[in-house]
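A short worksheet on the structure shown next.
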Amino acid sequence: MPNHSILVVDDELFVRELLEEYFSKLDFEVSVASSGPAALKMVAESRFKVALIDLKMSDMDGIEVLKSIRELDENLIMILMTGYPTVESSIEAMRSGAYDYVIKPFRLNELKDIISRAIKEHQFRSEIGDIKSRIDTIERKLASLTNEQDLKRPPKKSKRTAVTESDGVYSRTAVVSDSDLAADCQLERWGKLLKEGLISQQEFDANKKRILAAV
Amino acid sequence: MNKILIVDDELLIRDLLYDHFSAHDYHISMAESGQKALDIIGNERIDCVLTDLRMPDMDGLELTRKVRESPNRNIPVIIITGFPSLESAIEALRTRVYDYVVKPFNLNRLYGTVEKAIAEANGNQSHWEQ
């Protein structure tokens with residue numbers, strides 16, 4: 001598992017060394033911090049996917065560290081470790097958004113499984129974040145295109161016709177309905193998004209199908 | 001109006017929660033078992049589930065796991081228990097329970113928790129769907 005960066009925060013040297021050695025051998029990029037403030041400095045300067053945080057540390061407890069890290073990087077997955085588990089601290093961990101609560105002593109291979117799941121969770125959250133920002137960009141673009149078109153675009157003629165009668169003379173005239181115009185505008189906008197590479201051909205085709213079905 | 005689902009095998013608790021939350025303008029559905037709760041979740045729009053931990057056929061954690069596997073996986077679930085344990089609290093954290101409330105509980109605080117859970121879920125900002 002290359003390039004998965006994890007941060008170990010523990011005031012016990014033995015735990016830091018053990019986890020650093022174990023996870024480095026598994027090709028993780030491991031950083032260690034011996035205190036809460038040191039961990040916060042590292043999170044502010046580098047990107048990590050997962051942080052393993054000791055619950056009881058002398059200067060700043062694990063829950064406090066977790067909450068402060070959340071302010072710096074909301075996608076970082078945090079796992080609390082403790083040799084002194086209690087119902088209260090596990091509930092507090094849940095309320096603070098911890099991904100897991102691991103009791104010391106732990107089996108390293110079990111911790112490895114938890115970290116692997118946490119990395120998948122991190123990837124999932126990052127993808128959700130990307131999709132949300134892409135939707136925001138598309139919505140902003142659509143809004144600006146709508147404004148542009150309202151000002152510039154002359155109405156297009158529809159291919160539809162209707163037979164009308166006046167003083168006994170029948171003639172065929174073009175009919176441009178509101179829904180035709182709306183569909184034209186929408187198709188043109190989605191076309192621009194496609195051209196600018198903001199959506200895929202597949203997304204364009206799906207939207208085209210939906211718009212035409214509604215006419 | 002938001003709708004909550006109250007799941008408890010004890011009628012007394014269901015009634016207590018019903019009275020409190022209906023007075024706060026919530027729509028309420030009630031179930032006396034986990035299976036009935038799942039049936040309701042499959043058929044109605046539910047904004048938050050309040051469930052007892054210990055129930056005879058399906059406990060609150062099993063109910064949460066099944067909700068997480070369903071199309072309605074993002075509904076916030078709050079576990080209520082008179083028998084807290086470290087194991088169940090850690091399991092609750094792992095199944096993404098929104099909160100784990102120990103009886104006897106303060107009704108106003110529980111109301112605040114439900115309000116917060118629904119607000120975060122609506123903004124897709126539950127602490128597990130950030």
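The values are calculated or read from the model by the stated rules, or taken from the named source; none is laboratory data. Every value quoted in this text rests on a predicted model; they were computed, and no experiment measured them. All Cβ positions, even for glycine, are placed from backbone atoms using ideal geometry, and neighbour counts span all protein chains on display. Each accessible area value is taken on the protein alone, full model and side chains, heavy atoms only, with ligands, DNA and RNA left out. Shrake-Rupley method; radii C 1.70, N 1.55, O 1.52, S 1.80 Å.
Observations on the structure shown:
- If the chain linking residue A:58 and residue A:198 were pulled fully straight, counting 0.36 nm for each residue of separation and taking away their Cα-Cα distance, it would gain 45.4 nm.
- Helix-only [θ]222 nm of chain A, DSSP H runs n ≥ 4, -39500 (n - 2.57) each, per residue, nearest 500: -18500 deg cm²/dmol
- With a cut-off of 12 Å on the backbone N, no residue of the range B:57-91 is near the modelled label site 7 Å out from residue B:23 along Cα-Cβ.
- Proximal aspartates and glutamates to residue A:141, defined as alpha-carbon separation beneath 13 angstrom and excluding residues fewer than eight positions away on the same chain: A:188, A:196
- Legend: distances between Cα atoms for A:25/B:66; A:49/B:116; A:104/B:66; A:67/B:103; A:132/A:192; pairs beyond 31 Å are A:25/B:66.
- Principal semi-axes of the equivalent ellipsoid, √(5λ) from the alpha carbon gyration tensor of chain A, are 61, 16, 15 Å from largest down.
- Over all other residues within a Cβ to Cβ distance under 15 Å of residue A:62, the charged ones net out to -4, with Lys and Arg as +1 and Asp and Glu as -1.
- Chain A, relative contact order [Cα under 8 Å, separation at least 6], %: 12
- Close amide H contacts of residue A:78 (hydrogens built in the peptide plane, cut-off under 5 Å, sequence separation of 5 or more or a different chain): A:51, A:99.
- Percent breakdown of C-alpha pair distances by 5 Å bin, ordered from the shortest bin, for the range B:51-100: 5, 24, 36, 24, 9, 2, 0
- Calculated P(r) tail over 24 Å for the range B:3-122, as whole % of Cα pairs: 14
- A run of chain A free of exposed loop cleavage sites, with trypsin sites (Lys or Arg not before Pro) counted only in DSSP states other than H, G, I, E and B and at most 12 other beta carbons within 10 Å, reaches its longest extent at A:48-106.
- Shape category assigned to the range B:1-68 from the gyration tensor of Cα positions, a/c cut at 1.5: oblate
- Interface size A-B, as summed buried accessible area [1.4 Å probe, Å², nearest 100]: 1800
- Overall form of the range A:4-126 per C-alpha gyration tensor (a/c, 1.5; a/b vs b/c): rounded
- In chain A, the sites counted are GluC sites (Glu not before Pro) in DSSP loop states with at most 15 other Cβ atoms within 10 Å, and the longest stretch holding none of them, exclusive of the sites, is A:75-195.
- Where labels lie 7 Å past Cα in the beta-carbon direction, separation of residue A:146 and residue A:213 in nm: 2.2
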